[in-house]
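Below: one structure, written as structure tokens.
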Amino acid sequence: MSIALLIAIVVASLSIVKFGLSITISTRFIIASLFDFEIKTIDKKHENAAYTIFEATGTKKTLFGLINKKFTPIAVFSNNGIPKLKINQGKLIKTEFISIENNFKSFIDQYSAFSDVGQVLPKVYLVFNHKILDLTGVTKYEQMEALIKEEKKIIKQDDQVYILISLAF
């Protein structure tokens, strides 16, 4: 890690804490340095007591620079400015816990891949309150559903939950 990157991380951390998570130049630099392609825009999508979710748009040149491929990277930062999660190509879905059971199956089916062995689930993360629930190791939808039901027992029904789905298999 270079000295410039370390200095930018410290400056961004201080500006995040001091200025209430405004996107400063150093924060943009940190988010851009997390990904290996050019970042065009960065939007702050969500902020709660523990995490901030940024969604960006970026391009990467492929096929000897002839084709520009668009990406939607997602980064989750703690409110101390520490990167907690990065997804190179993802989808961010906002919902409430009370309606997650109705919508979750359709989200998973929409972004799953189907092959000879059956359904291959996408990498899924749930961000809510002070928690990032990592469902990437789960191989069956029924297991995901059971984990979400357990979380619903301790979470308020009107709390916002963000579903982050990685589109890269």
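Each reported figure results from applying straightforward, stated rules to the coordinates on display, with no laboratory input. Not measured: the values here are computed from a predicted model. Using ideal geometry, Cβ is built from the backbone for each residue, glycine included, and neighbour counts are taken over all protein chains shown.
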Problem set entry | Calculated FRET value between THR62 and GLU150, using beta carbons and R₀ = 45 Å, to 0.05 | 0.60
Exercise. In nm, to one decimal, how far is the GLN157 label point from the ALA49 one, both placed 7 Å along Cα→Cβ?
Worked result: 2.1
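Length gain on complete extension for the stretch SER112 to THR136, per 0.36 nm per residue less the alpha carbon to alpha carbon distance? The partial results should precede the final answer.
Numbers: separation 24, 0.36 × 24 = 8.64 nm, distance 1.26 nm.
Using 0.36 nm per residue and subtracting the Cα-Cα distance, I get 7.4 nm.
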For this session: Excluding residues fewer than 8 places away in the same chain, name every one of the lysines whose C-alpha is closer than 16 Å to that of LYS44.
Result: LYS84, LYS86, LYS91, LYS94
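Rg(Cα) of segment 41-95 divided by 2.2 N^0.38 Å? Please list the in-between numbers first.
Numbers: Rg = 13.3 Å, N = 55, 2.2 N^0.38 = 10.1 Å.
Computed over Cα atoms of segment 41-95, the ratio equals 1.32.
All other residues with a Cβ under 9 Å from the Cβ of TYR141 taken together, and with Lys, Arg as +1 and Asp, Glu as -1, what is their net charge?
Values: positive: LYS105, LYS140; negative: ASP109, GLU142, GLU145.
Every neighbour counted, the sum reads -1.
Please give the FRET efficiency for SER99 paired with ASN79, using the beta carbon to beta carbon distance and R0 = 25 Å, rounded to the nearest 0.05. Intermediate values should be presented prior to the final figure.
Numbers: r = 26 Å, r/R0 = 1.06.
After rounding to 0.05, the efficiency reads 0.40.
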